[in-house]
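Some notes on the structure that comes next.
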Amino acid sequence: MKKKIAVDIVLPVYYGNAPELEKSIETLVNYGKENLREYVWTIVIAINGNQPEEILGLAKKLEKKYPKYIEHIYTPNPGKGYGVLEAWARRNPDIYTYMDIDLSTDLQAYKALLKGIQGGNDIVVGSRYHKDAKIKRSLKRYVISRGYIVFFYRSILQVPVHDAQCGFKAVNKRVVQEILPLIKDKVWFWESEMLYLAHKKGCMIKEIPVVWTERKISGVNMMKIIPNFIKNVIRMRFTKF
C-alpha cells in the first residue's frame, strides 16, 4: 500500500485572534476530513507573541477535541513570520503549508497548493492578482498592496510573482532546509524575502489563482508596515550572494 503524503497546515495566531480560532479550526477540520483523505494532515496552531494564555488555553482545548488533527507550538517572538517559520522548522512533513487564521482565502484552492508541490515546484503561492483570481477588498488596501508589488518588489528585486504577501502558501523540504535559515526579517516581510531568496537560488515557484475576501478583523496596519517593507526591499537589493 502506497504511503500517504504528510501535510502540515500552519495557522499563525496571537492573542488578538482568539475570537476567530475555534470557528476556523472547525472549518479546517471539516474541510480536511472531506477533501484530504489521500493525505495525512495536521493543523498546527502556531502561537506567537505576548499575552499567550488565552490562545494557549484554546489550543489545548482544541487538541483534546480533535486529537488526531491538531497540535500547537508557541514562540514568544511576536509576528506572523515567527509563528510560521518556527512551526516549519520544528516539524517534518512532506509538504509544509500555511494560511491566515481568518481563512480569507477560499479553501477550494488548497489542493492546488499541494498538487503544485507534488508536481515538482519548490514553492506554490496563492495569488490574489493572478488573472483568474477573484478578490473582494477595499480600494485603499488594493492600491497600497498593488503599488508595493509593482513598484517596489517586482521592479526592484525582479521576483516573477504577482502577489508576495497572500497568506496562502506551500513549500517543500528544500525550501525549509536551504532558504528559511537565510531569512532575516521574520515579522511581516518574511514571505517577500523567502520568495526573493528562493528565486535567486533557482527554486521553482508557481502561482495559483485564489478566491480571496477581505475580513474585518485584521492585525495588520498596512500604513505602518509599508515603510518597513520598502526598507527591506532596499536591503535585499544590495545583499550579495
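Any residue in the range 83-94 that's modelled with pLDDT under 95: show its pairings with residues that are open to solvent by 60 Å² or more (accessible area, probe 1.4 Å) at Cβ separation under 8 Å, as long as the two are six or more apart or on different chains.
none
Would you be able to tell me the number of residues in the range 42-66 that are among the aliphatic types (A, V, I, L, M) and free of Cβ contacts under 8 Å to residues at least 24 places away in the same chain?
Here is the first cut: in the range 42-66, the residues among the aliphatic types (A, V, I, L, M) are 43-47, 55-56, 58-59, 62.
This time we only want the ones that are free of Cβ contacts under 8 Å to residues at least 24 places away in the same chain, so: 56.
Looking only at that region, the number is 1.
So, in the range 51-62, exactly how many residues are crowded, with 17+ Cβ neighbours inside 10 Å and either touching a His at 6+ places or on another chain (Cβ under 8 Å) or not in a loop (DSSP other than H, G, I, E, B) (or both)?
So the first thing to find is which residues in the range 51-62 are crowded, with 17+ Cβ neighbours inside 10 Å, and the list is 52, 55, 58-59, 62.
Still in the running and either touching a His at 6+ places or on another chain (Cβ under 8 Å) or not in a loop (DSSP other than H, G, I, E, B) (or both): 55, 58-59, 62.
Selection size over the range 51-62: 4.
Of everything in the range 1-24, what is open to solvent by 20 Å² or more (accessible area, probe 1.4 Å) and over 15 Å from the mean Cα position of the chain (by Cα)? Give them in sequence order. Walk me through it before giving the result.
Keep residues of the range 1-24 that are open to solvent by 20 Å² or more (accessible area, probe 1.4 Å), which gives 1-6, 14-16, 19-20, 22-23.
Selection gives Met1, Lys2, Lys3, Lys4, Ile5, Ala6, Tyr15, Gly16, Pro19, Glu20, Glu22, Lys23.
Which residue, of Leu182, Leu195, is open to solvent by less than 60 Å² (accessible area, probe 1.4 Å) and either without any contact (Cβ under 8 Å) to a residue 40 or more places away in the chain or closer than 19 Å to Asn121 by Cα (or both)? It would help to see each step written out before you state the result.
On the way: Leu182 fails: open to solvent by less than 60 Å² (accessible area, probe 1.4 Å).
That would be Leu195, the only listed residue that is open to solvent by less than 60 Å² (accessible area, probe 1.4 Å) and either without any contact (Cβ under 8 Å) to a residue 40 or more places away in the chain or closer than 19 Å to Asn121 by Cα (or both).
Thr27: under 18 Å from Lys111 (Cβ atoms), within 17 Å of the chain's Cα centre (by Cα) and either in contact (Cβ under 8 Å) with a residue 12 or more places away in the chain or in a strand (DSSP E or B) (or both), yes or no?
Numbers: under 18 Å from Lys111 (Cβ atoms): yes; within 17 Å of the chain's Cα centre (by Cα): no; either in contact (Cβ under 8 Å) with a residue 12 or more places away in the chain or in a strand (DSSP E or B) (or both): yes.
Here the answer is no, as Thr27 does not meet what is asked.
Restricting attention to the range 73-106, and to residues there that are among the small types (Gly, Ala, Ser) and more than 12 Å from Lys173 (Cα to Cα), which single residue is surrounded by the most Cβ atoms within 10 Å (Cβ to Cβ)? Let's see the steps before the verdict.
Going residue by residue through the range 73-106, those that are among the small types (Gly, Ala, Ser) are 79, 81, 83, 87, 89, 104.
When the remaining residues are screened for being more than 12 Å from Lys173 (Cα to Cα), the result is 79, 81, 83, 87, 104.
Values: Gly79: 20, Gly81: 21, Gly83: 28, Ala87: 25, Ser104: 22.
Among them, the one singled out is Gly83.
The values are calculated or read from the model by the stated rules, or taken from the named source; none is laboratory data. A quick note: this is a predicted structure, and the numbers were derived from the prediction, not measured. All Cβ positions, glycine included, derive from the backbone under ideal geometry; neighbour counts span all protein chains shown. Heads up: the accessible areas ignore ligands, DNA and RNA and are worked out on the full protein's heavy atoms, side chains in. Shrake-Rupley method; radii C 1.70, N 1.55, O 1.52, S 1.80 Å.
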